[in-house]
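Trainee: The structure that follows is given in the form of structure tokens.
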Amino acid sequence: MPSELKIANGRVYDPANNVDGNVQDLCIRDGKIVDSVSRSASRIDARGMVVMPGAIDIHCHIAGPKVNLARKLMPEDHRLDVHPKTAVTRSGTGGIVPSTFATGYRYATMGYTTAMEAAVPPITARHVLEELDDTPVVDKGFYVLLGNNAFLYKLLKEGRKKEFKEAIAWWVNSVHAYTVKLVNTGSDELWKGRKNANITDVNERIDHYDITPSFVTESFIEAAHELGLPHPPHIHCNNLGHSGNISTTLDTMKAAQGRRAHMAHIQFHSFGGEVNKNPVSGAQEIIDYINDHENITADVGQVMFGKATAMTADAPLAWMLRNVKFDKWVNADTECESGCGIIPFSYQESIYTHTLQWAMGLELFLMSKDPWRVLLSTDHPNGGSFMNYPKLIKLLMDSAYRKEALQHVNQKAVAKTVLPELDREYTLNEIAIITRAGPARALGLKNKGHLGVGADADITIYTEEEDREQMFNAPRYVIKDGTTVIKDHEFATDHKGKILHSKPGYNEDIATEIEPFFEDYYSVKFSNYAISEDYLHDHEEVPTNPKS
Amino acid sequence: MPEAAKSKPKESKNIRIVKDATCTFCGCVCDDMELTVDLDAHRITKAKKACVLGRAWFYEHTLEDRPVVLIDGKEATLDEGLDEAARILVDAKFPITYGLSDCPCEAQRVAVDIMDTINGNIDTTTSVCHGPSGMAFQGVGESTATLGEIKNRADLVIYWGGNPAESHPRHFTRYAVTPKGMFIPNGKKDRTVVLVDVRKTPSTPVADIFIQVKPGKDFELLWALRALVKGKKISEDIEEQTGVSREVLDDLVERMKNCQFGVLFMGMGLTMTRGRHFNSGAIYSLASDLNEFTHFVAKPVRGHGNVTGADNVVSWQTGYPFGVNFNRGYPRFNPGEFTTSDVLARGEADAAMIVASDPASNFSKKAIEHLEKIPVISMDVKETHTTRLSRVRFAVATYGINTGGTVYRMDDVPISLRPAFDSPFPTDQEVLEGICQRVKKMLSGSKARVAA
Amino acid sequence: MILVPGRSQKQGTSLNKGKLKDEYLEVTTTAELNEQDMRRLKLSNGDKIRLKSDIGQTVVTCISKKEEDLPSGMIFIPYGPSSSQLMGSDTAASGMPMSKHMQVEVTKVKS
């Protein structure tokens, strides 16, 4: 017997289908949106409520070795925020880096039904898949870190672009990734091999490889384009957090040469000013470029005041923060593939740079001309917890609230921004774009982020409230794959989401090139490296669109 | 290639070769074994590349003639065993689970589920292994690396309080001392190896420099090194305190500051002795400090095949690595309060489920005495002191030999196992899932244990 | 004297055979002392000695080690049920009993 559900008379926000607050019914059968359902379908009366597709986090850090190290690192944070079990859900701990179960449930309680883990060294992908299997409710996928990969660098150095493309596809397939991730390209070799040095310029030569970060980035964008990955390279630029890094960021976007590229947590890369001096806002220049270039998508990586955790494959960045804060610090080098740094952090209103970053994020949102391409994120937990999203939505939707908030922050920093002059208020439709329809489009998820026939029945229903933070903090219903997971604000059942991954086509001969490299420089056997599909459990292959 | 690798058939007819199998005996988790399996005799007859410990592991795990389930010493069916185990756990007020470091993550995940369901206490052998290092990590963090990076780059390798030659024989040859790496073209010739211990061991000959520290004085020695690295004064009588001269310390400090990529490996000689987590914290801090001069990492040399997996699983499910209590309906962590050695020695636990470990042999006298008084459920591949005193004992298949699954190497690298031959015994995971289902069924409805 | 239990290769290989088997029991009841201590205590290889701590006692066989390999005042023994008999339960709120570095009294057992 098919399971059927009708959501009746809700005010629907479905920007992908040009539905902007129209009162209409939604019909669901077997986890998908359909035209109509039988009269015996169960029914939710959504009269007076706001109905949106389930939200999608395009960039967060929720599973895998670095996340787990951060969990282990902060018992003091977990104990302040316990997550008790219920009759239908598992227990856990919260705080800035929640346990897996708490992560899935908490995303769901904010109306999120999909979340993408943004940085996974391939050798640890098995771990990520195990954790994602224990992350309930949401659908999830991950981006595989290839931007500092020693073997791929070797191919680029040898000028073998074709093999480079094949090897990327081999890696994405072998670990079941969604797309490729580049982080501070070129820095790993300097960090590990030149006594903790860092890349400072996208055009400098990377030690031992005679190639530049700019060339690496360009090559990845080109290869991903040809492979037709559903989401383009997800790029964390060089020089994160350094004054004047806008020039690096602009250079990186230019390296795309009109091809699709996604710029991660763009706020962290929008610093004006001069090196080694206090930063100023460079948001205007960055957003101008993005507004004018339709090939670019970005998530903002908004900073929210309060607790955060720097958790990044950008090891030199974490080291820089460590030397500011001298708190406990984690560094974790992954052979041939990645670096990693973790440091507990908090953003404070009184501190110049922290306020500047908070304001810069808001500037980027408020000066964006295309909500489809400038998407909501806090780079959880780097800019703050994903639990801050409702508050961030309120900051965007309510200019009076924003003006009030401006009173309590560092005024010197505010003076370096145009934030006080920005009166724009996001509409519900625009919120639905930056949290649902936009991420789905950027990710190439055709069945998500909208409520048209054939879409996944991932739906959130909110009681409309003037206080948007309160509203987005507690949806009345959350429906995942047609199942009412949250009913009247309470969990009605547990639910396992699925893994989203892509399988770009490639010539399998490339494996014979990669294998000898493994024997020499890896510590695991090549034959034990690729991950069996058993680890995917329930999963969905998102189609590629190769250009040949 | 596989054709050539097939060894010439001996007398036995039914031979299988398993290439790139993984040895789970110790935390090295070497995944390059080539096993020759006699499928008729149900045993591994050859384990190419295995060390002496690995060979013993592979050769000695055969199919023993044991009942799958014993309840009070009497043979029973698997269902009876699972029913009785579930009943014991549900009836208990302070049920505990302990062990878990010699089974795959898939089984560990179910064990945490059971304890979450019955508001029990979960702890792993980490608490009596590198638990103190886990606590130190919470305090100061860690600069670390996967073993391949050490193979590729480390030109200064320091072992402190460990004897890998006897406990992790291939640590030297596969990962950290002799192998050639990307920037270590000549292997051992390109590295300086230092060993710090209270006594000479079979590991000592590997070292270029051997430093003998007085027992229980590791912390003092480490703290002096930290001070010297930072250019601070240390006490004049350092040699009298620690047994190590100022000259030796100065030399070591220069080597550490000037190497290209240094690593400090720590053994249980630090965690099990005076100072415990302070010793581990001193190692971590020393390595972190050295990053102001060069690239430096530290790493505990973990013991059991999947103890690192246990840390990871318990951490991702609860937020804490070991010593976790669910009594209030959510995880709480407190070493000393919820660690097994303590809950047994204080006589608090009133039922215990022991998976793949032998506390009845390794724990303190007081803890063992209490274990003898309470109902114990055990899962093990061999008879042990613990299985002997158990009310319900399950004989299970050996992970990595009879079962697949995931294990984590000491550097958190996850590896999938390739089983060599089938076993009639159930896996840990199957037994735990059976118990889990029954426990959930028994507690469903009015008896559900929700948050207090 | 100070007792330091630890792993040894034989302890590792024999435990694969079975912890209740003779070989493992033999390995884990053989303690090493240095020659000087052996002479001082009038012991020769193969003698039985009683190790006594505040917690308990156990009888093991002793063998000698060269002075340069094992310092005076220290006894090494592979981990096992014997060493556990001597181990206190106090973990100083760490979860870890003092498993190495135990104070013990050594007396020769008359055979």
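Trainee: Using a 1.4 angstrom probe on the protein heavy atoms only, could you order A:ASP467, B:ASP123 from most to least accessible area? Intermediate results must be reported in sequence, preceding the final value.
Mentor: Working: A:ASP467 50, B:ASP123 0 Å².
Reading off the accessible areas and sorting them downward yields A:ASP467, B:ASP123.
Trainee: Here's something else I'd like to know. With a point put 7 Å past each Cα toward its Cβ, work out how far B:LYS365 is from A:ASN276 in nm, to one decimal.
Mentor: Output for this residue pair reads 6.7 nm.
Trainee: Distance from a point 7 Å along Cα→Cβ of A:GLU519 to each backbone N in region A:150-178: keep the residues under 16 Å and list them by number.
Mentor: Counting backbone N atoms under 16 Å from the label point, the list is empty.
Trainee: Rule-of-thumb check for chain B: C-alpha Rg over 2.2 N^0.38 Å? Could the numbers behind the result be given before it?
Mentor: Values: Rg = 23.3 Å, N = 452, 2.2 N^0.38 = 22.5 Å.
Its radius of gyration relative to the 2.2 N^0.38 Å reference: 1.04.
Trainee: Take each complete run of DSSP H in chain B, measure how far its Cα atoms stretch along the helix's own axis, and keep only those covering 15 Å or more with mean Kyte-Doolittle hydropathy at least -1.0; list them. Working shown, then result.
Mentor: Working: long enough: B:78-91 (20 Å, 0.09); B:105-117 (18 Å, 0.13); B:218-229 (16 Å, 1.12); B:246-258 (18 Å, -0.96); B:277-290 (19 Å, 0.30); B:307-318 (16 Å, 0.03); B:428-443 (22 Å, -0.33).
For chain B, where a helix must reach 15 Å along its axis and average at least -1.0, the hits are B:78-91, B:105-117, B:218-229, B:246-258, B:277-290, B:307-318, B:428-443.
Trainee: Right, here's the next one. Could you compute the FRET efficiency for C:SER44 and B:ARG274, with r as their C-beta to C-beta distance and R0 at 30 Å, rounded to 0.05?
Mentor: Working: r = 32 Å, r/R0 = 1.06.
So, using R0 = 30 Å, E works out to roughly 0.40.
Trainee: Given axes a ≥ b ≥ c from the Cα gyration tensor, I'd like to know whether the protein assembly as shown is rounded (a/c under 1.5), prolate (a/b larger than b/c) or oblate.
Mentor: Working: a/c = 1.77, a/b = 1.43, b/c = 1.23.
Prolate shape, in that a/c is at least 1.5 and a/b is the bigger ratio.
Trainee: Please give the peptides A:443-449, B:215-221 ranked by average Cβ packing (other Cβ atoms within 10 Å per residue), highest first, as a rough proxy for protection. Spell out each step's value before the answer.
Mentor: Details: A:443-449: 22.9, B:215-221: 21.0.
Order by mean packing, descending: A:443-449, B:215-221.
Trainee: Among DSSP beta bridges whose residues both lie in the protein assembly as shown, state the antiparallel percentage, nearest 5.
Mentor: On the way: 79 of 162 bridges.
The antiparallel fraction comes to roughly 50 percent.
Trainee: Work out from phi, with θ = phi - 60° and the Karplus expression 6.51 cos²θ - 1.76 cosθ + 1.60, the ³J(HN,Hα) of each residue of region B:291-299, listed in order in whole Hz, and give x for Gly and Pro.
Mentor: 5, 6, 10, 7, 9, 9, 10, 9, 7
Trainee: Sort the following peptides by mean Cβ neighbour count (other Cβ atoms within 10 Å, averaged over residues), highest first: B:272-284, B:70-82, A:333-345.
Mentor: On the way: B:272-284: 25.0, B:70-82: 15.5, A:333-345: 26.5.
By packing density, highest mean first, the sequence is A:333-345, B:272-284, B:70-82.
Trainee: Quick query: amide H of A:ASP139 versus all other amide H atoms, modeled in the peptide plane; which residues come in under 5 Å with a sequence gap of 5 or more or a different chain?
Mentor: A:THR114, A:ALA115, A:LYS498
Trainee: Ok, one more. What is the spread of the Cα atoms of region A:1-122 along each of their three principal axes, largest first, in whole Å?
Mentor: Answer, in whole Å and largest first: 52, 33, 30 Å.
Trainee: Find which of A:THR93, B:LEU100, A:THR217 sits farthest along the positive direction of the dipole of the protein assembly as shown, computed with +1 on the beta-carbon of Lys and Arg, -1 on that of Asp and Glu, about the Cα centre.
Mentor: With unit charges placed on the Cβ atoms, the residue in question is B:LEU100.
Trainee: Sort B:THR124, A:THR484 from largest to smallest accessible area, using a 1.4 Å probe on the heavy atoms of the protein chains. Mind dumping the intermediate values first?
Mentor: Values: B:THR124 0, A:THR484 35 Å².
Solvent-accessible surface, decreasing: A:THR484, B:THR124.
Trainee: Does region B:133-300 classify as rounded, prolate or oblate by the C-alpha gyration tensor (a ≥ b ≥ c root eigenvalues; a/c under 1.5 gives rounded; else a/b over b/c gives prolate, otherwise oblate)?
Mentor: Working: a/c = 1.40, a/b = 1.33, b/c = 1.06.
Since a/c stays below 1.5, the shape of region B:133-300 is classed as rounded.
Trainee: Let me ask something else. State whether region B:353-452 is rounded, prolate or oblate according to the following rule on the C-alpha gyration tensor (a ≥ b ≥ c being the square roots of its eigenvalues): a/c under 1.5 gives rounded; otherwise a/b larger than b/c gives prolate, and the remaining case gives oblate.
Mentor: Numbers: a/c = 1.67, a/b = 1.17, b/c = 1.43.
Oblate, because a/c is 1.5 or more while a/b does not exceed b/c.
Trainee: Quick one: of the DSSP bridges fully inside chain A, what percent are antiparallel, nearest 5? Don't skip to the answer; put the middle values down first.
Mentor: Values: 41 of 73 bridges.
Taking every DSSP beta bridge within chain A, about 55 percent pair in antiparallel fashion.
Trainee: Which ³J(HN,Hα) values in Hz, rounded to whole numbers, follow from the phi angles of region A:527-535 under the Karplus curve 6.51 cos²θ - 1.76 cosθ + 1.60, where θ = phi - 60° and Gly and Pro get x?
Mentor: 5, 9, 8, 5, 9, 5, 5, 4, 6
Trainee: With all protein chains present, calculate the accessible area of A:SER247 using a 1.4 Å probe and round the result to the nearest 10 Å².
Mentor: Looks like 70 Å² after rounding.
Trainee: For C:69-78, what's the mean count of beta carbons from other chains sitting within 10 Å of each residue's beta carbon?
Mentor: On the way: counts 5, 4, 7, 0, 2, 4, 0, 3, 0, 1.
Per-residue shielding by partner chains comes out at 3.
Trainee: Take every Cα pair under 8 Å in chain B that's 6+ residues apart, average their separations, divide by the length, and report that relative contact order as a whole percent. Walk me through the numbers before you get to the answer.
Mentor: Details: 973 pairs, mean separation 107.6, N = 452.
It rounds to 24 percent for chain B.
Trainee: Heads up, I need the accessible area for B:CYS30: 1.4 angstrom probe, whole protein in place, Å², nearest 10.
Mentor: Near enough 10 Å² of accessible area.
Trainee: Output the Kirkwood hydrodynamic radius of region B:308-348, Cα pairs only, in Å rounded to one decimal.
Mentor: Working: mean 1/r = 0.0950 Å⁻¹.
Result for region B:308-348 stands at 10.5 Å.
Trainee: Averaged over A:89-102, how many beta carbons belonging to a partner chain fall within 10 Å of each residue's beta carbon? Write down the numbers at each step before the final one.
Mentor: Working: counts 0, 7, 14, 7, 9, 2, 1, 0, 1, 1, 9, 6, 5, 5.
Mean shielding by partner chains, rounded to a whole number: 5.
Trainee: Per residue of A:313-323, how many C-beta atoms from partner chains lie within 10 Å of its own C-beta, taken as a mean?
Mentor: On the way: counts 0, 0, 2, 0, 0, 1, 4, 0, 0, 4, 2.
Going residue by residue through A:313-323 and averaging, the value is 1.
Trainee: In addition: Under a 5 Å amide H to amide H cut-off, with H placed in plane at 1.01 Å, what residues pair with A:GLY92 once short-range neighbours are removed?
Mentor: Placed amide hydrogens put A:HIS83, A:LYS85 under 5 Å from A:GLY92.
Trainee: Cα convex hull of region A:1-57: mean projected area in nm², to one decimal? Don't jump to the answer; show the numbers that get you there.
Mentor: Values: hull surface 17.5 nm².
Averaging across all directions leaves 4.4 nm² for the Cα convex hull.
Trainee: If you take the alpha carbon radius of gyration of region B:12-60 and divide it by 2.2 N^0.38 Å, what ratio comes out, to two decimals?
Mentor: On the way: Rg = 10.4 Å, N = 49, 2.2 N^0.38 = 9.7 Å.
Here the Cα radius of gyration is 1.08 times the empirical estimate.
Trainee: Separation of region A:118-189 and region B:206-276 by C-alpha centroid, Å?
Mentor: Region A:118-189 and region B:206-276 have Cα centres separated by 39 Å.
Trainee: With all protein chains present, calculate the accessible area of B:ASP83 using a 1.4 Å probe and round the result to the nearest 10 Å².
Mentor: 80
Trainee: Order A:ASP423, C:ASP69, B:ASP32 by their accessible area, 1.4 angstrom probe, all chains in place, largest first.
Mentor: Values: A:ASP423 100, C:ASP69 50, B:ASP32 15 Å².
Largest accessible area first, the list is A:ASP423, C:ASP69, B:ASP32.
Trainee: Give the lysines whose C-alpha is closer than 16 Å to that of B:LYS180, dropping any in the same chain fewer than 8 places away, or say none.
Mentor: Hits, sequence-local ones excluded: A:LYS525, B:LYS151, B:LYS188, B:LYS189.
Trainee: For a quick check: with amide H placed at 1.01 Å from N, whose amide H comes under 5 Å from C:ILE75's, ignoring anything fewer than 5 positions away on the same chain?
Mentor: Under 5 Å from the amide H of C:ILE75 lie the amide H atoms of C:ILE2, C:LEU3, C:VAL4, each far enough along the sequence or on another chain.
Trainee: Same structure again: So what are the three principal axis dimensions of region A:54-447 from its Cα atoms, in whole Å, longest to shortest?
Mentor: 57, 51, 45
Trainee: Quick check on packing: order A:177-184, B:314-321, B:228-235 by the mean number of other C-beta atoms within 10 Å, highest mean leading. Spell out each step's value before the answer.
Mentor: Working: A:177-184: 27.5, B:314-321: 29.1, B:228-235: 12.5.
Order by mean packing, descending: B:314-321, A:177-184, B:228-235.
Trainee: Nearest 5 percent is fine: what portion of the DSSP beta bridges confined to region B:133-300 is antiparallel? It would help to have the intermediate numbers written out before the result.
Mentor: Numbers: 1 of 21 bridges.
In region B:133-300, approximately 5 percent of DSSP beta bridges are antiparallel ones.
The values are calculated or read from the model by the stated rules, or taken from the named source; none is laboratory data. This structure is a prediction, so every number in the text was calculated from the model and none was measured. Neighbour counts run over all protein chains shown; Cβ positions are idealised from the backbone, glycine included. When the accessible area is computed, the model is the full protein with side chains, heavy atoms only, and any ligands, DNA or RNA have been set aside. Shrake-Rupley method; radii C 1.70, N 1.55, O 1.52, S 1.80 Å.
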